[in-house]
Amino acid sequence: MFLLDRGFYSESNIIEMNSSGIDFIIPLPFVVKNGKGMISETNRDVVERDIEIGNVKAYGYLFYNKKRESNELNSFFNRIIDIESSLEGKEFYGNPRDTFNRVAGNFARYFDWDSKDRVIHLKRRSNAISQAVNRFGKVILLSSTKRRWEEVLSLYRQRDTVDAELLGKNSIEDILLDLAKLRAIKIGSVCKLTEITKKERIVLEKMGVAIPIKLKHGY
């Protein structure tokens, strides 16, 4: 059996694994037509549906987790606010487009912007943000074999159990979302991290990552 991450998804890979008799479980990207249809069903924690990918019959399982949705919302809008704080109404020299792209990064698609007299102004793109928010807390797993949804979820989570002592009852996504809550504040010329929680400290220690006390200017 192949337990694959989202980056391995493509129609050609699904067809190849099917023709080779390989059993697999892989996340289905939301941008795929079948995925778009499933994420609109928000009234249940689990949605099951027969799915056809390139003439290959498979089975889709959408899982919704309210706690994960809350964490993803918090992380997402913290990033939106950080970008607005860094750019909105600020005066910049040089190419404003380069400045916007450098600060916004892959969140650039959530903003319209313009500049006048070297001052950048932002406007949130409501439709793009709504589409992103509608996906939070959800994951769609594509299985080559029809199974009980509990089995699909349990099997897929096995890919995360390289270090069970580190993970405990948490998934890799849960740990990353928790660490993403860390923030740096600037005091004079020094940037310092906000208070690190006990859970975050334990994760960093188990990963062998030194706990940062302060950051250099600009980082």
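The values are calculated or read from the model by the stated rules, or taken from the named source; none is laboratory data. Only a predicted model underlies this, so the values are computations on that prediction, with no experimental measurement involved. Positions of Cβ are backbone-derived with ideal geometry, glycine not excepted, and every protein chain shown enters the neighbour counts.
Some observations on this one:
- The residues of the stretch 101-123 that are hydrophobic (A, V, I, L, M, F, W, C) and more than 16 Å from Ile81 (Cβ to Cβ) amount to a single one, Val119.
- Counting only residues that are more than 14 Å from Phe63 (Cβ to Cβ) and either modelled with pLDDT of 95 or more or part of a loop (DSSP other than H, G, I, E, B) (or both), the stretch 27-42 holds 4 of them.
- Tally, over the stretch 55-66, of residues that are loosely packed, with under 13 Cβ neighbours inside 10 Å and touching a residue at least 40 places away in the same chain (Cβ under 8 Å): 2
- Here Glu151, Glu200 are screened, and the one residue that is at pLDDT 80 or above, at negative phi and not assigned by TED's automatic domain parsing to the domain that holds Leu28 is Glu200.
- Candidate set: the stretch 63-92, residues that are assigned to a helix (DSSP H, G or I) and of a type in the set (Asp, Glu); chosen: the one farthest from Arg124 (Cα to Cα): Glu69
- Residue match in the stretch 47-62 (condition: within 17 Å of Val133 (Cα to Cα) and assigned to a strand (DSSP E or B)): yes
- Verdict on Asp50 being within 29 Å of Ser12 (Cα to Cα) and loosely packed, with under 13 Cβ neighbours inside 10 Å: yes
- Residue count for the stretch 91-120, restricted to those that are of a type outside the set (Phe, Trp, Tyr) and surrounded by 14 or more Cβ atoms within 10 Å (Cβ to Cβ): 8
- Every residue from the stretch 10-22 that is in contact (Cβ under 8 Å) with a residue 40 or more places away in the chain and either surrounded by 14 or more Cβ atoms within 10 Å (Cβ to Cβ) or small (Gly, Ala, Ser) (or both): Ser12, Ile14, Ile15, Met17, Asn18
For (1) touching an Asp or Glu at 6+ places or on another chain (Cβ under 8 Å); (2) closer than 19 Å to Asn78 by Cβ; (3) without any contact (Cβ under 8 Å) to a residue 24 or more places away in the chain; (4) of a type in the set (S, T, N, Q), each residue gets a yes or a no:
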site	(1), (2), (3), (4)
Tyr93	no, no, no, no
Arg97	no, no, yes, no
Gly105	no, yes, yes, no
Asp112	no, no, yes, no
Ser130	no, yes, yes, yes
